[in-house]
1. What's the percent breakdown of Cα-Cα distances in the chain across 5 Å bins, shortest bin first?
2. What is the fewest-to-most order of R99, R113, R169 by other Cβ atoms lying within 10 Å of their Cβ?
3. Quote the charge dipole size of the chain about the Cα centre in Debye, to the nearest 20; the model charges only the Cβ of Lys and Arg (+1) and of Asp and Glu (-1).
4. If the only charges are +1 at each Lys and Arg Cβ and -1 at each Asp and Glu Cβ, what is the size of the charge dipole of the range 16-124 around the Cα centre, to the nearest 20 debye?
5. Can you put K152, K57 in order, fewest other beta carbons within 10 Å first?
6. Could you work out the relative contact order of the chain? I mean the mean sequence separation of Cα pairs under 8 Å and 6+ apart, divided by the number of residues, in percent.
7. Tell me the angle of helix 169-189 to the major Cα principal axis of the chain, expressed in degrees between 0 and 90 and rounded to the nearest ten.
8. How do E90, E115 line up, fewest other C-beta atoms within 10 Å first?
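Rule-based calculations on the coordinates, nothing more; no lab input. Values in this document were obtained by computation on a predicted structure and should not be read as measured data. Positions of Cβ are backbone-derived with ideal geometry, glycine not excepted, and every protein chain shown enters the neighbour counts.
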Amino acid sequence: MELDDHQVLGTDAASREASELVARDAFNRQYPPITGLVVPGDLRTMEIPERPWRNNKGRWFHLAGNNSLDAHIAELKPGGQSVRHRHTTEAYLYIVRGRGFSIVHLDGEPEERVEWEEGTLFSPPVFAWHQHVNLSEDEPARYLAVQDTRLKRHLRMHQIERHPVQPSRRQLLEASAAVIAHDARDDAST
């Protein structure tokens, strides 16, 4: 089944411009999702193609003919970061390889820094802005995202937006240091 622009919540020009769905669907036509019951190979080392709109590498999986769940593996290059984005899907992110952090926040709320390393499982809230940062300058980091994408698309509730401001690595590191300092002050006062 081909999914098109009618499958998203926002169909106005501004929503379409901020949406990543067109790029994602074109990518999945060029690199069809892996299907079957099992992903062949090792998620930590399998070859995955570039996703330029997300500033990382990635590959989707549509396993067992599932109608609700979807998954993808993503890789952040050494010293790299994803774009800041949000989506209407629920997502669990399992860190397959590497060490870093994610900045997460809902509109109008303070940013939160989520530290992660191999074996960490976390979940950004639905439609929260988030961005992932690889702290290693030498090794890539990988995460597996399991989401309810297929269900949300079927219900015509799927949207992915790119934040209009994309901070540099330096800005992310400085901002996250401020979040850590603020949290430390809060912890010390309690």
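1. With 5 Å bins starting at 0, P(r) equals 1, 7, 15, 21, 21, 16, 10, 5, 2, 1, 0, 0.
2. The most exposed by this proxy come first: R169, R99, R113.
3. Using Cβ point charges on Lys, Arg, Asp and Glu, the chain gives about 480 debye.
4. Magnitude of the dipole: close to 380 debye.
5. With the fewest neighbours first, K152, K57 line up as K57, K152.
6. Relative contact order comes out at 26 percent.
7. 60
8. With the fewest neighbours first, E90, E115 line up as E115, E90.
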